[in-house]
């Protein structure tokens with residue numbers, strides 16, 4: 001006989017086996033709309049926040065002038081190079097590199113004759129020819145800087161892509177040009193070397209400063225490639241040092257081959 005239950009009003013109710021109990025899980029349970037709305041709203045807010053951050057970085061890159069960009073590269077390189085990923089300021093970088101190369105060329109044109117006079121060399125015809133070549137060498141060095149810029153930026157971009165980078169070639173081109181900014185700090189040192197007598201202590205200080213500027217530029221280049229290509233610091237350092245290591249290895253192989261060839265040449269008999 002089926003079990004009968006009476007409710008509070010006295011009516012008899014029969015249990016329904018087809019009705020699911022509250023303790024039985026049901027996959028078709030309706031989830032309140034506010035749950036979906038909240039999750040969707042959070043996703044939209046996060047996406048909007050990321051897009052806003054990117055737009056702010058882009059607008060910041062547009063609003064920054066030459067002085068702000070120079071300061072950011074020298075003292076805030078991570079933030080500055082990270083903001084170059086979408087719209088790198090190629091034109092601003094070109095202006096900075098042109099001014100830097102021009103300053104170095106003019107400084108070399110001014111300091112080289114002064115340095116040669118300080119050597120107190122005898123008056124030889126060869127020295128006059130050398131003095132006449134100095135302006136040509138300064139102009140050649142000015143244009144050679146741009147050739148090196150294009151070549152090395154393209155090479156580093158290919159190496160970064162080979163190591164898993166996803167950046168843009170224009171960003172690497174901009175980073176390579178801006179990474180040479182510490183070299184501008186050596187211009188006053190070269191000017192001081194003209195007006196002050198060179199000594200052992202001054203030469204040591206100059207050498208230490210040159211080494212520090214070189215290391216600074218290399219560190220900026222590694223940071224820039226890491227930020228614009230979204231790779232690790234190790235891969236960025238490997239990207240920068242691969243051409244240097246390749247050149248050293250090829251140079252050592254060349255010396256070994258030259259030595260082996262010279263060892264096979266018999267001594268001349270007089």
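What to note about this one:
- In a fully extended conformation the segment linking residue 246 and residue 131 would gain 37.8 nm over its present Cα-Cα distance, using 0.36 nm per residue.
- Among 102, 238, 91, the order by Cβ neighbours within 10 angstrom, fewest to most, reads 91, 102, 238.
- The length gained on full extension between residue 195 and residue 263, counted as 0.36 nm times the residue separation minus their Cα-Cα distance, comes to 19.6 nm.
- Packing, as the average of other Cβ atoms within 10 Å across residues, places the peptides 176-183, 249-256 in the order 176-183, 249-256, highest first.
- Per-residue Cβ neighbour rank within 10 angstrom, fewest leading, 174, 111, 92: 111, 92, 174
- Gained length - residue 68 relative to residue 215, 0.36 nm times residue gap less alpha-carbon distance: 50.7 nm
- Förster radius 51 Å - calculated FRET efficiency between residue 99 and residue 162, Cβ distance, rounded to 0.05: 0.95
- The three principal axes of the Cα atoms in region 127-203 give end-to-end lengths of 51, 32, 17 Å, sorted in falling order.
- Rg then Dmax, both in Å and based on the Cα atoms of region 62-237: 18.8, 58.
None of the figures in this text is laboratory data; all of them are computed from the coordinates on show. Owing to the predicted nature of the structure, the values given are computational and were not obtained by experimental measurement. Ideal geometry is used to build each Cβ from the backbone, glycine not excepted, and the neighbour counts take in all protein chains shown.
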